[in-house]
Amino acid sequence: MRVLAVDVGGTHVKILATGETEKREFESGPKLTARQMVARVKRLARGWRYEAVSIGYPGPVVHDHVVAEPHNLGAGWVGFDFARAFGCPVRVVNDAAMQALGSYRGGRMLFLGLGTGLGTALIVDGLVEPMEIGHLPYLKHTYEDYVSDRALERLGKKKWRKHVADVVKQLAAALEPDEIVIGGGNVRHLKTLPPLCRAGDNANAFKGGFALWEKAGAARRPRASRPAGGRGKRRNRT
């Protein structure tokens, strides 16, 4: 099956289709609605052949349905009919889960996406569990407030790196993963990686999107992602 994978982020929307080698992208931002995203993706994907679409969405998803509006994009995502808009079958998953699936090598893997916010997902023996750890309490605020884009700008690289190392240490102790994949656009700002960690690649989001429609990927399909602590808004990965 030929699949169009769509990675929706806080600063860019990136797309790649099965058999293609060069991704295409456009800027997103706080005014981008679901309808606008689909229209722009369809225009950008002209010339590519695809029978199905995978969307990595920066927020909670339940059974292919967005259940909370994104924090860093426009409105109109909850209840939007992506399959009807694209005119083909669509699977929608949490963006961190999609990149985690594309990064997975086996065992118990924790994925942390350092970007506009903090994306998190855990894979245990092939089962993907999207999480909302970024909004949990940490120090005086939340994890996301200390390792996000805004934190990097506010704190500077040195302090930001210390918080990233501390967050990784805490989550490793709590979840006991075999390995941790640190992805997202800001992984490039880390001089060294903490123990158990390897660097991810945003291109793995496309691999995860393709895997959602493969027979092997179907067994790994992410479980429903629900808001943590009743909070509907969350971060964007890139």
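Report, by residue number, each residue of region 170-187 that is out of contact with any strand residue (DSSP E or B) (no Cβ under 6 Å at 6 or more places or on another chain) and modelled with pLDDT of 95 or more. It would help to see each step written out before you state the result.
Here is the first cut: in region 170-187, the residues out of contact with any strand residue (DSSP E or B) (no Cβ under 6 Å at 6 or more places or on another chain) are 170-174, 176, 185.
Selection gives Q170, L171, A172, A173, A174, E176.
Can you name every one of the helices (runs of 4 or more DSSP H) wholly within region 102-190 that holds 2 or more residues which are among the acidic types (D, E) and under 24 Å from G56 (Cα atoms)? Working first, answer last.
Numbers: elements: 144-147, 149-155, 157-175.
In region 102-190, the matching helices (runs of 4 or more DSSP H) lie at 144-147.
Please go through region 138-179 and pick out each residue that is among the hydrophobic types (A, V, I, L, M, F, W, C) and closer than 30 Å to L127 by Cα.
First, pick out the residues of region 138-179 that are among the hydrophobic types (A, V, I, L, M, F, W, C): 139, 147, 151-152, 155, 160, 164-165, 167-168, 171-175.
Of everything in region 138-179, those that are among the hydrophobic types (A, V, I, L, M, F, W, C) and closer than 30 Å to L127 by Cα turn out to be V147, V164, A165, V167, V168, L171, A172, A173, A174, L175.
Which residues, counting only those in region 43-60, are modelled with pLDDT of 95 or more and either in a loop (DSSP other than H, G, I, E, B) or buried (at least 24 other Cβ atoms within 10 Å of the Cβ) (or both)?
The answer is A45, R46, G47, W48, R49, Y50, E51, V53, S54, I55, G56, Y57.
Among the residues of region 137-169, which ones are open to solvent by 60 Å² or more (accessible area, probe 1.4 Å), within 16 Å of L114 (Cα to Cα) and at pLDDT 95 or above? Steps first, please.
Narrowing region 137-169 to residues open to solvent by 60 Å² or more (accessible area, probe 1.4 Å): 137, 139-141, 150, 153-154, 157-159, 161-162, 169.
Checking which are within 16 Å of L114 (Cα to Cα) leaves us with 150, 153-154, 157-159, 161-162, 169.
Result: E153, R154, K157, K158, K159, R161, K162, K169.
The conditions are (1) of a type in the set (A, V, I, L, M, F, W, C); (2) on the phi > 0 side of the Ramachandran plot; (3) modelled with pLDDT under 95, and L127 fails exactly one of them. Which is it?
Tallying (1) of a type in the set (A, V, I, L, M, F, W, C); (2) on the phi > 0 side of the Ramachandran plot; (3) modelled with pLDDT under 95, L127 fails exactly one: (2).
With respect to the numbered conditions (1) at pLDDT below 95; (2) in contact with a strand residue (DSSP E or B) (Cβ under 9 Å, 6 or more places away or on another chain); (3) farther than 20 Å from G59 by Cα, which one is the sole condition not fulfilled by K215?
(2)
For region 13-39, what are the residues that are free of Cβ contacts under 8 Å to residues at least 60 places away in the same chain, outside any strand (DSSP E or B), farther than 16 Å from C88 by Cα and open to solvent by 80 Å² or more (accessible area, probe 1.4 Å)?
Within region 13-39, T21, E22, P30, K31, Q36 meet the criteria.
For (1) under 14 Å from the mean Cα position of the chain (by Cα); (2) more than 15 Å from A203 (Cβ to Cβ); (3) not β-branched (V, I, T), each residue gets a yes or a no:
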residue: T11; (1), (2), (3): yes, yes, no
residue: R24; (1), (2), (3): no, no, yes
residue: Q36; (1), (2), (3): no, yes, yes
residue: R46; (1), (2), (3): no, yes, yes
residue: S54; (1), (2), (3): yes, no, yes
residue: N94; (1), (2), (3): yes, yes, yes
residue: R105; (1), (2), (3): no, yes, yes
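Those residues that are open to solvent by 10 Å² or more (accessible area, probe 1.4 Å), of a type outside the set (D, E, K, R) and modelled with pLDDT of 95 or more, I need them from region 107-119; list them, please.
Step one: filter region 107-119 for residues open to solvent by 10 Å² or more (accessible area, probe 1.4 Å), giving 107-108, 116.
After this cut, where a residue has to be of a type outside the set (D, E, K, R) as well, the list is 107, 116.
Of everything in region 107-119, just one residue is open to solvent by 10 Å² or more (accessible area, probe 1.4 Å), of a type outside the set (D, E, K, R) and modelled with pLDDT of 95 or more, namely G107.
So which residues in region 61-81 are aromatic (F, W, Y) and open to solvent by 10 Å² or more (accessible area, probe 1.4 Å)? Give the steps one after another, and end with the answer.
If we filter region 61-81 for residues that are aromatic (F, W, Y), which is where we start, we get 77, 80.
Across region 61-81, the qualifying residue is only F80.
The values are calculated or read from the model by the stated rules, or taken from the named source; none is laboratory data. These numbers come from a predicted model, not from an experiment. No Cβ is skipped: glycine too gets one built from the backbone with ideal geometry, and neighbour counts run over all protein chains shown. Side chains included, ligands, DNA and RNA excluded: accessible areas come from the protein's heavy atoms. Shrake-Rupley method; radii C 1.70, N 1.55, O 1.52, S 1.80 Å.
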